[in-house]
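The values are calculated or read from the model by the stated rules, or taken from the named source; none is laboratory data. All values reported here derive from a predicted model rather than from experimental measurement. Every residue, glycine as well, gets a Cβ built from its backbone with ideal geometry; the counts of neighbours run over all protein chains shown. Protein only, heavy atoms only, side chains kept; ligands, DNA and RNA dropped before computing areas. Shrake-Rupley method; radii C 1.70, N 1.55, O 1.52, S 1.80 Å.
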Amino acid sequence: MRTLVVLLVLGICAPWVASVPTLEKKDRVHHSKDLSDHKHDDSKDFQYDHEAFLGKEDAKTFDQLTPEESQERLGKIVDKIDRDKNGFITGEELKDWITHTQNRYIYENVNKHWADYDKNKDNMISWEEYKNTTYGYAAGEVEFYDVPDKERYRKMMKRDERRFKQADKNGDLIATREEFTAFLHPEEFDYMKDMVVTETIEDMDKNGDGTVDVNEYIADMYTPEADEPEPEWVKTERRQFADHRDLNKDGKLDKSEIGHWIHPHDYDHADLEAKHLIYESDKDKDDKLTKKEILDNWNMFVGSQATNYGEDLTRRHDEF
């Protein structure tokens, strides 16, 4: 069978996969993400801050640097963050940097594979180009002629088409690089948020009533084994559903409640981290940072393995 290039959006969106679409795996977008897998506990270490400020991969690179190298590179980053070159880093500039850092993998991934879809090299990707590349379905061919579950594939393609049209702002079915990025990663674009909500309901709503009840909510994250007692974390999720998800207390989540869950209005990870870094580094309390203030507190922003090792030694000594 013709190889089909499919993007499986798992969690924060999995890498590109050249294969037949895997029907058993969910392709729902990630709803909300933290800036690091580490706990944000500055009393133990600054790993959360490092990954928030640098991104996970660059944080690993900085871990291998000496303190001197780490500070030198941080100084160059500060110059980039200071967009208006006035010598100060504002909360907005720092937030924008953190947001860019966290989303950088998305744009790098799109750029890396752009040529796979842009067949006519016009620096645009049409729906036809995407469809033909992804599903191997061109005019005149029998649709999914050698695929066992044809109806599932048709639904997947229809869903892709709907999302593509939503991302395509001018409705010409030809996506710019930005529109194509919105198509692949709708969770990162405000004008695609309704689509994320719609797809979430479709994935979780097994009885087809257009809402998500508590059992559907739990089934999305947990499949019990025979005679297995329900784990404590599942019971906690049931309480979360009742206390915090189901706002009108009718036993199910409607579109508005799903939206409130996956797009919380009052929680911006990047904004909170920017405010945290400023609070911890702003010596003169003017709500902005100079390059010196950042470099004076460099180990919170970037750190290095040598510094972490020293901190570990100190903690061990204290424990003894």
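With R₀ fixed at 35 Å, the C-beta to C-beta distance from A226 to D172 puts the FRET efficiency at about 0.10. The order of the peptides 249-256, 276-283 by mean Cβ neighbours within 10 Å, most packed first, is 276-283, 249-256. Residues in segment 106-240 average 54 Å² of solvent-accessible surface per residue, probe 1.4 Å, ligands and nucleic acids excluded.
Would you kindly state how much longer the chain becomes between K76 and H260 on full extension, computed as 0.36 nm times their sequence separation minus their alpha carbon distance, in nm to one decimal? Working shown, then result.
Working: separation 184, 0.36 × 184 = 66.24 nm, distance 3.88 nm.
Contour length minus the Cα-Cα distance gives 62.4 nm.
Restricting the calculation to Cα atoms, segment 241-302 shows an Rg/Rh of 1.31 when the hydrodynamic-style radius is the Kirkwood one.
For the peptides 174-183, 205-214, 230-239, residues were scored by their other Cβ atoms within 10 Å and the scores averaged per peptide; the highest-first order is 174-183, 205-214, 230-239. State the Cα centre-to-centre distance between segment 66-115 and segment 144-195 in whole Å. Each part's Cα centre sits 30 Å from the other's.
Counting protein heavy atoms only, segment 145-191 has 50 percent of its accessible area on carbon and sulfur, 1.4 angstrom probe.
Computed extension gain for R162 through K283, at 0.36 nm per residue and net of the alpha carbon distance, reaches 38.5 nm. Once the Cα-Cα distance is subtracted from the 0.36 nm per residue extended length, the R154 to A115 segment shows a gain of 11.5 nm. The modelled label-to-label distance for the pair K292/H100, using points 7 Å beyond Cα in the direction of Cβ, is 2.6 nm. Separation of the alpha carbons by more than 21 angstrom is noted, of K56/K193; K112/K150; K85/K291; K150/K252; K95/K285, for K56/K193; K112/K150; K150/K252.
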